[in-house]
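As structure tokens, the structure follows; a few thoughts come after it.
The values are calculated or read from the model by the stated rules, or taken from the named source; none is laboratory data. For clarity, every value in this text was computed on a predicted model and none was experimentally measured. Here the Cβ positions follow ideal geometry from the backbone for every residue, glycine too, while neighbour counts run over all protein chains shown.
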Amino acid sequence: MATSFSLQRHTSGDLVILALDGFLDAHTAPDFEKAVQQELDQQNVRLLADCGKLSYISSAGLGVFMSFIEDIREAGGDLKICNLMPKVAQVFELLGFQSMFEILPTVEDGAKSFANGAQGA
Amino acid sequence: MPSMERTFSLKVPSSTENLAMIRDFVNGIGTRAGMTLADVAKLELAVDEACANVIEHAYGPETTKEVSVRATLDEDKIEILVVDTGKGFDPSTISPLSLEELVGQRKSGGLGMRLMKSLMDEVHYEMIPSEKNELRMIKHLKK
């Protein structure tokens with residue numbers, strides 16, 4: 001059954017890459033929320049969500065992105081999204097996330113975007 | 001001419017861990033209806049949203065209540081009926097705020113209903129006080 005969700009954390013300089021894997025729904029979104037909160041608590045505000053292995057997202061997962069983005073940007077950082085599978089990208093687009101978030105094709109593009117100093121969408 | 005209508009039902013306890021079971025159930029219905037993979041994915045998401053709302057908002061912390069999903073399939077459409085006996089809501093109270101305004105206010109509520117309306121052809125909600133709440137969603141099948 002399609003239930004599992006896991007998250008791996010990598011760093012590259014002061015960039016934190018959160019690699020999401022599996023199914024992000026109302027059951028698993030609290031795990032993602034906790035991970036982002038931990039980064040904020042440690043003043044890590046340059047965050048890149050690598051969604052290459054994220055096969056499902058519902059509004060509960062999208063809500064985590066929405067609820068943190070203002071605080072992260074006010075702290076001088078950003079939460080960018082990259083490497084979306086087409087099925088998941090469609091959900092982001094349905095709600096207009098591309099107007100609020102920087103969504104990049106690959107992890108490398110995401111890292112470059114941070115290196116170039118782009119902060120918001 | 002005999003009716004081609006077929007009805008399938010699933011009842012699960014009101015815990016978010018059962019959302020995956022609900023998605024699997026809906027996936028089977030959509031596949032049986034001959035929907036494309038993309039349309040099956042949309043159906044799964046819409047029903048997930050409906051049931052997550054029931055579990056998180058209608059029932060709150062209570063995890064032993066019943067979430068009922070009934071799918072009726074005929075030649076032209078799939079109709080999904082999600083029924084609960086929890087706290088109902090008035091759909092007109094759902095925030096009409098734009099995504100930008102929601103983000104500005106650090107809110108994320110109301111996304112589920114927006115998704116349901118985007119993904120399905122019809123969404124109807126009926127609250128029958130002291131009895132039940134019914135969310136009925138219809139997806140017309142492509143010929």
message = Here are the criteria: (1) more than 13 Å from every other protein chain (Cβ to nearest Cβ); (2) at pLDDT 95 or above. Tell me which single one A:Gln119 does not satisfy.
response = (2)
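Per-residue answers, yes or no, for (1) within 10 Å of chain B (Cβ to nearest Cβ); (2) surrounded by fewer than 19 Cβ atoms within 10 Å (Cβ to Cβ); (3) of a type in the set (A, V, I, L, M, F, W, C):
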| position | (1), (2), (3) |
| --- | --- |
| A:Leu40 | no, yes, yes |
| A:Ile69 | yes, no, yes |
| A:Ile72 | no, no, yes |
| A:Lys87 | yes, yes, no |
| A:Phe92 | no, no, yes |
| A:Gly96 | yes, yes, no |
| A:Phe101 | yes, no, yes |
| A:Ala115 | no, yes, yes |
task = Kindly check whether there is at least one residue in the stretch B:69-91 that is closer than 20 Å to A:Asp25 by Cα, assigned to a strand (DSSP E or B) and hydroxyl-bearing (Ser, Thr, Tyr).
result = no
message = Just the residues that are of a type in the set (D, E, K, R) and either surrounded by 14 or more Cβ atoms within 10 Å (Cβ to Cβ) or in contact with a Cys (Cβ under 6 Å, 6 or more places away or on another chain) (or both), please, taken from the stretch B:70-108.
response = B:Arg70, B:Asp74, B:Lys77, B:Glu79, B:Asp84, B:Lys107
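Take the residues in the stretch B:1-30 that are among the charged types (D, E, K, R), part of a helix (DSSP H, G or I) and within 14 Å of the chain's Cα centre (by Cα); name whichever of them is nearest to A:Tyr56 (Cα to Cα).
At the first step, the residues of the stretch B:1-30 found to be among the charged types (D, E, K, R) are B:5-6, B:11, B:17, B:23-24.
Restricting the remaining residues to those that are part of a helix (DSSP H, G or I) gives B:17, B:23-24.
This time we only want the ones that are within 14 Å of the chain's Cα centre (by Cα), so: B:23-24.
Details: B:Arg23: 11, B:Asp24: 13 Å.
Here the residue is B:Arg23.
Which of the residues belonging to the stretch B:108-128 are more than 7 Å from chain A (Cβ to nearest Cβ) and either in contact with a Gly (Cβ under 7 Å, 6 or more places away or on another chain) or closer than 21 Å to A:Glu70 by Cβ (or both)?
In the first step, residues of the stretch B:108-128 are kept if they are more than 7 Å from chain A (Cβ to nearest Cβ); the result is B:109-110, B:113, B:116-117, B:119-128.
Within the stretch B:108-128, B:Gly109, B:Gly110, B:Met127 qualify.
Take the conditions in contact with an Asp or Glu (Cβ under 6 Å, 6 or more places away or on another chain) and either away from chain A (no Cβ under 11 Å) or in contact (Cβ under 8 Å) with a residue 40 or more places away in the chain (or both) and apply them to B:Ile138. Does it pass? Give the steps one after another, and end with the answer.
On the way: in contact with an Asp or Glu (Cβ under 6 Å, 6 or more places away or on another chain): yes; either away from chain A (no Cβ under 11 Å) or in contact (Cβ under 8 Å) with a residue 40 or more places away in the chain (or both): yes.
Taking the combined requirement at face value, the residue satisfies it.
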query = Which condition number in (1) within 14 Å of chain A (Cβ to nearest Cβ); (2) touching a Ser or Thr at 6+ places or on another chain (Cβ under 7 Å) is the one that B:Gln105 fails?
reply = (2)
